[in-house]
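The values are calculated or read from the model by the stated rules, or taken from the named source; none is laboratory data. None of these values were measured; they are calculated from a predicted model. Note that we place each Cβ from the backbone using ideal geometry, even for glycine, and neighbour counts take in every protein chain shown.
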Amino acid sequence: MMKDITLGQYFPGNSLLHRIDPRMKLVLTLCFIVLVFLPQNWWGLLTVGLFLLLVIGLSRLPLRLMWRSTKPVLFLVLFTSVLNVLYVHEGVTLWKWGFIHITTGGLQSAAFIAIRIVCLILGSSLLTYTTTPTALTDAIERLLSPLKVIKVNPHELAMMMTIALRFIPTLMEETDKIMSAQKARGADMESGGLVQRVKALIPILIPLFVSSFRRAYDLAMAMECRCYQGGVGRTRMKQLRTALRDWLALLVYLAVGVGIVMLNIYFGKTLK
Amino acid sequence: MDMLRAIDLRFDYTYENEAPQVVLQGVDLAIEKGSFVAVLGHNGCGKSTLAKHFNALLLPTGGQVLVADMDTAHEDNTYPIRRLVGMVLQNPDNQLVSTIVEEDVAFGPENLGLPPAEIRARVDEALAAVDMTAYKDHSPHRLSGGQKQRVAIAGVLAMHPDCLLLDEPTAMLDPQGRREVLDTLCRLNREGMTVVLITHYMEEAALADRVVVMDEGRVVLDGTPRQVFAQGERLATLGLDVPQPTALCAALRQRGVDIPADLLTPEECAEAILALIQK
Amino acid sequence: MAIISVDNLTHTYGAHSPFEKHAIRGVTLDIHKGELLGIIGHTGSGKSTFIQHLNGLLRPNEGRVLLDGVDIWENPKKIRSVRFRVGMVFQYPEHQLFEDTIYKDIAFGPTNMGLSEEEIDRRVRQAAAYVGLDESLLDKSPFDLSGGEKRRAAIAGVMAMEPEVLILDEPTAGLDPRGREQILSMIQDYRRTRGTTVLLVTHSMEDVARVADRVLVMSDGRVAMLDTVEAVFSRAQELEAIGLTVPAVTKTLMLLQRAGVTVDTAAYTVEQATAQILSLLGGDGI
């Protein structure tokens, strides 16, 4: 059922990772993405992998969550791996049959890319698992605040994100209801060619638009009633304060980065 | 002291190329601080439009509206008025802004630019006042209608208003949700809050200490629930009904039984009938 | 005679997941041809899930729904024809209007049935008449109508399919007293003229008392009561125990009974209660 969709994947907890300032977490996640692309040899990648495992351990999230976020990209992982196996022809040839030409180099780069993708997914999902959507929008708002100089209003951007997050489940539910109602009047959404199917969406889309406008009108009124006047003069209940641990965390990430670069230099480039 | 006051309030609007629509034609109404007033009237009688005037969402085209002696027509008064008069709308889904209950309640005080510690204190207090503290970390879309509406009330309370203005807050709720909201309102009123409740449910109006009935943009009846509901026939012509026990008394009186015309609840009604039997 | 027979109907949301929830379990009952059945129960009692099984919007996990003795899921490809025979008006049906005129919107159902132009025209006009919409409104946009008119137009859209069973989910929700009154008397008239079986889901005991022949009370996904209106309201204490109320006049009579007066608490309309109290007073009051 559509109702069961949870938006944002926040998993409540109170681990070290949960407590890190969301702004810093956002920065750390970007750092981690860089880390994943730094290694040029297996030692470097091993370091990234171990570091990721350590961070996952610190987050105290159940391991099934890790599986849940990896599952949707498994196909992608498999696909790129197969491509690598087929198209990278380096090192010793293991097997050759027609145009299929499997080499040790191909296998290595396939494994390397697979591990990279999985690390990327897990690393970034850690951010959404340990940060509430509101904290995240908050962090984006504040990290982007320097953009005010070039007339981009980060408050409006964040407000839009918040409202979208708030109303997506409501609209999902609404779509569900309208679909049932039109089905009850014999709307046929399962058969016919492309044109017919697109046409069959009209009885759903129009009511959905109408109701969205009605909601937007109501919401604007409710916000005005609550003295909303844009970002000017607004304060926030939840203050973001970076603590020592946030800066220490950044230091650790940087150290890992430096470590990987040194491994790159020491062991040389064995992988792409 | 009058919390809200409308003096010969008129409101009309004109769509392009259409005849002007007159919504309010001379409303005089004063609502005392601390009172609980129910506003009744069929759809299109102008009661929502009146409510929007008390919140400076609409400005009069004639006459005057005063909120705690501040004229709504002065732009400088707009935000002080909106802080003093909190408004709750019909659809609970459409007035919650945030994805987390407590952050939604914080929205109003944040707009007022209060210091964070003060906001925190007000949010906790407001959630406690509507008995929703246990849900402070929840996402609004998972709550029942009655719970959502209580969160909306908390969001308004956190601005420390003197008056709550509710536009059919129970219309979309089930009986359980309606009870929750009404209990909350009655309790807040006992603690000194001025409550103005627009409703279509006569049983809810019976809980107020004053009932104002509107028709065609005017106030046509104004009095205690007993005084107003005793006029069953008049109400029927206005497209309204009376609480069932009142209707029962009216039917009995019509058949010559000497029972008061202004009984509102089953309890009162049963008591009066018992008294008659024992006589 | 039963037009719909429900046999051991069970529906579970999110089966085998941590969110598993039994919405209804083991519901068995018959709906008589031509009756007006009121369905009551608080939110979450399973009544919405139940009615969506009757026209095949939901498929049971267990059990069967028989329409005129035939399992509606016998041929899943034909489920659409079941929806034409069992019409369903959802809550706030005016939110589903989408055509640029009322006429076209009412015609949506009949058009989906593949009827001829003349037949569609006849049905649209007749349905509009049933709900009391003036012919002059038919060419207007649904968005130019008042709230009550929109609601009636949306109900006409289902009536125009001329279903044998008409299910209405809280048709009076959110309306003012006059609007509620119009909808209720319209439903009664419609049923009187056409003899359609009507199922009315509502939170209002007063509405049920006014129009229903029998009442189905659902609680916790099961049938708590299924009986005549008198019989159901005479079990007021049980109703209160499952979080439902009784009409205020019934409550008044219960209070009298508790005080030792001999009254029949099965009375549920103002007229019935008036008659009872008059006989109690034995003319003393007159």
Matching entry among C:Thr49, C:Thr43, C:Thr111 (being of a type in the set (Ser, Thr, Tyr), within 20 Å of the chain's Cα centre (by Cα) and either at pLDDT 95 or above or in a helix (DSSP H, G or I) (or both))
C:Thr49
Can you name the condition, by its number, that B:Ile273 falls short on among (1) more than 12 Å from chain C (Cβ to nearest Cβ); (2) at pLDDT 90 or above?
(1)
The number of residues in the range A:145-193 that are in a loop (DSSP other than H, G, I, E, B) and among the hydrophobic types (A, V, I, L, M, F, W, C) is 3
Might you let me know whether the range B:128-140 holds any residue that is crowded, with 20+ Cβ neighbours inside 10 Å, within 11 Å of chain A (Cβ to nearest Cβ) and farther than 23 Å from B:Asn189 by Cα?
yes
Restricting attention to the range B:75-92, does a residue exist that is in contact with a Phe, Trp or Tyr (Cβ under 6 Å, 6 or more places away or on another chain) and in a loop (DSSP other than H, G, I, E, B)?
no
Criterion: among the charged types (D, E, K, R) and modelled with pLDDT of 95 or more - qualifying residue of B:Asp222, B:Asp241
B:Asp222
Please determine, by comparing only the residues of the range B:85-117 that are more than 7 Å from every other protein chain (Cβ to nearest Cβ) and surrounded by fewer than 22 Cβ atoms within 10 Å (Cβ to Cβ), which one is farthest from A:Arg166 (Cα to Cα).
B:Ala117
Working only within the range B:144-164, note down all residues that are farther than 23 Å from B:Ala121 by Cα and either within 12 Å of chain A (Cβ to nearest Cβ) or not hydroxyl-bearing (Ser, Thr, Tyr) (or both).
B:Gly145, B:Gly146
Which of the following residues is touching a Lys or Arg at 6+ places or on another chain (Cβ under 6 Å), without any contact (Cβ under 8 Å) to a residue 40 or more places away in the chain and within 14 Å of another protein chain (Cβ to nearest Cβ): C:Thr111, C:Thr172?
C:Thr172
Can you tell me which residues in the range C:270-282 are facing chain B (nearest Cβ under 9 Å) and of a type in the set (Ser, Thr, Tyr)?
C:Thr274
If you go through the range C:133-154 one residue at a time, do you hit one that is more than 30 Å from B:Pro243 (Cα to Cα), more than 14 Å from chain A (Cβ to nearest Cβ), among the acidic types (Asp, Glu) and part of a helix (DSSP H, G or I)?
yes
Within the range B:242-256, residues touching a helix residue (DSSP H, G or I) at 6+ places or on another chain (Cβ under 8 Å) and surrounded by fewer than 20 Cβ atoms within 10 Å (Cβ to Cβ) come out as B:Arg255
Among A:Asp176, A:Asp188, A:Asp218, which is the only one that is more than 30 Å from A:Lys151 (Cα to Cα), within 14 Å of chain C (Cβ to nearest Cβ) and modelled with pLDDT of 90 or more?
A:Asp176
Which members of the range C:37-89 meet the condition of being of a type in the set (Lys, Arg) and either touching a Phe, Trp or Tyr at 6+ places or on another chain (Cβ under 6 Å) or within 16 Å of C:Asp169 (Cα to Cα) (or both)?
C:Lys47, C:Arg83
Would a scan of the range B:18-27 turn up a residue that is under 16 Å from B:Val212 (Cα atoms), touching a residue at least 60 places away in the same chain (Cβ under 8 Å) and under 16 Å from the mean Cα position of the chain (by Cα)?
no
Could you please let me know if A:Leu201 is within 14 Å of chain C (Cβ to nearest Cβ), over 24 Å from A:Glu141 (Cα atoms) and among the aliphatic types (A, V, I, L, M)?
yes
The lone exception for B:Gly63 - which of (1) part of a strand (DSSP E or B); (2) on the phi < 0 side of the Ramachandran plot it fails:
(2)
Mind checking which residues of the range B:196-243 are free of Cβ contacts under 8 Å to residues at least 12 places away in the same chain and within 10 Å of chain C (Cβ to nearest Cβ)?
B:Ala236
Would you please name the residue that is farthest from the chain's Cα centre (by Cα), looking only at residues in the range C:219-263 that are away from chain B (no Cβ under 12 Å) and of a type in the set (Gly, Ala, Ser)?
C:Ala241
Take the conditions crowded, with 21+ Cβ neighbours inside 10 Å and assigned to a loop (DSSP other than H, G, I, E, B) and apply them to B:Met159. Does it pass?
yes
Does the range B:47-62 hold any residues that are buried (at least 18 other Cβ atoms within 10 Å of the Cβ) and over 24 Å from B:Met193 (Cα atoms), and which are they?
B:Pro60
Among the residues that make up the range B:66-80, is at least one of them within 16 Å of the chain's Cα centre (by Cα), hydroxyl-bearing (Ser, Thr, Tyr) and more than 10 Å from every other protein chain (Cβ to nearest Cβ)?
no
Is it the case that the range C:194-209 has a residue that's out of contact with any helix residue (DSSP H, G or I) (no Cβ under 9 Å at 6 or more places or on another chain) and either buried (at least 23 other Cβ atoms within 10 Å of the Cβ) or within 26 Å of C:Pro247 (Cβ to Cβ) (or both)?
no
Of everything in the range A:221-272, what is under 29 Å from the mean Cα position of the chain (by Cα), within 14 Å of chain B (Cβ to nearest Cβ), without any contact (Cβ under 8 Å) to a residue 60 or more places away in the chain and surrounded by 13 or more Cβ atoms within 10 Å (Cβ to Cβ)? Give them in sequence order.
A:Thr235, A:Met237
Cross-chain or 6+ apart pairs with Cβ under 8 Å, the range B:108-130 first and modelled with pLDDT of 95 or more and acidic (Asp, Glu), then surrounded by fewer than 23 Cβ atoms within 10 Å (Cβ to Cβ) and in a helix (DSSP H, G or I):
B:Asp124/B:Thr133
